[in-house]
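S.K.: The structure is given below, and queries will be raised subsequently.
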Amino acid sequence: MKTYQFRFEQNLPIPLAEAWDFFSSPLNLSKITPAKMNFIITSNFTPDIKMYPGMLISYKVSPVFGIKMNWVTEITHVKEHVYFVDEQRTGPYAIWHHEHHFKEINGGVCMTDILTYAIPFGIIGRLANAILVEKEVKNVFAYRIKAVNDLFGVYKQK
């Protein structure tokens, strides 16, 4: 099975604690996901919930062609204010491993996402990735960068 990996980095002009507080709440995922994906968290969380190892998050999402899918991820690792990892348990990918790293920088925080994924169905999956999936993954993260900048402002190095 072929795996793919992307690294996305973004600096924000907010304190590390504020970034962690926002990104460690699963309820904020919909704020940084493109509307066309019809992203809905189906887990019954209270507004004050924060991620913890073993947490399962279930969603309904339409990643391509408006086709609705159920997706469940598990938060497998958490080191507060440093990183957390989510891994798909059920959903459209053969593998989905998403690391979220946070590092304090001068005047803000640097967030780094490292995404490793694989598509099922062998050669057909590799073809689907080349034609569609890779582009969609990059579009989702490009949207996320813009949405996060809209929420918190654009980082200007001090």
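S.K.: Within segment 81-99, how many residues are in contact (Cβ under 8 Å) with a residue 40 or more places away in the chain and either out of contact with any Ser or Thr (no Cβ under 8 Å at 6 or more places or on another chain) or hydroxyl-bearing (Ser, Thr, Tyr) (or both)?
M.R.: Final tally of qualifying residues: 2.
S.K.: Also, quick follow-up: Mind listing whichever residues of segment 83-131 are touching a Leu at 6+ places or on another chain (Cβ under 7 Å) and farther than 22 Å from Leu56 by Cα?
M.R.: Residues satisfying the conditions are Glu104, Gly108, Val109, Met111.
S.K.: Here is a further query. Does segment 16-31 contain at least one residue that is assigned to a strand (DSSP E or B) and either out of contact with any helix residue (DSSP H, G or I) (no Cβ under 9 Å at 6 or more places or on another chain) or under 29 Å from Gly125 (Cα atoms) (or both)? Break it down into steps so the answer makes sense when it comes.
M.R.: Residues of segment 16-31 assigned to a strand (DSSP E or B): none.
No, every residue in segment 16-31 fails to be assigned to a strand (DSSP E or B) and either out of contact with any helix residue (DSSP H, G or I) (no Cβ under 9 Å at 6 or more places or on another chain) or under 29 Å from Gly125 (Cα atoms) (or both).
S.K.: Name the residues in segment 127-145 that are free of Cβ contacts under 8 Å to residues at least 40 places away in the same chain and loosely packed, with under 14 Cβ neighbours inside 10 Å, would you?
M.R.: Leu127, Ala130, Ile131, Lys135, Ala142
One line per residue, one yes/no per condition, for (1) modelled with pLDDT under 95; (2) more than 13 Å from the chain's Cα centre (by Cα):
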position	(1), (2)
His77	no, yes
Gly91	yes, yes
Trp96	no, no
Ile114	no, no
Ile119	no, yes
Val133	yes, yes
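S.K.: With respect to Asn11, is the statement that it is farther than 19 Å from Asn106 by Cα and either modelled with pLDDT of 95 or more or not basic (Lys, Arg) (or both) true?
M.R.: It is false that Asn11 is farther than 19 Å from Asn106 by Cα and either modelled with pLDDT of 95 or more or not basic (Lys, Arg) (or both).
S.K.: Same structure, new question: Looking at segment 44-69, which of its residues are polar (S, T, N, Q) and within 20 Å of Leu132 (Cβ to Cβ)?
M.R.: If the condition is that a residue be polar (S, T, N, Q) and within 20 Å of Leu132 (Cβ to Cβ), then Ser62 is the only one that fits.
S.K.: Can you spot a residue in segment 79-100 that is over 30 Å from Gly122 (Cα atoms) and among the charged types (D, E, K, R)?
M.R.: yes
The values are calculated or read from the model by the stated rules, or taken from the named source; none is laboratory data. Computed from a prediction, not measured in an experiment: that's the story for all the values here. When we count neighbours, we look across all protein chains shown, and the Cβ atoms used for this are built from the backbone with ideal geometry, even at glycine.
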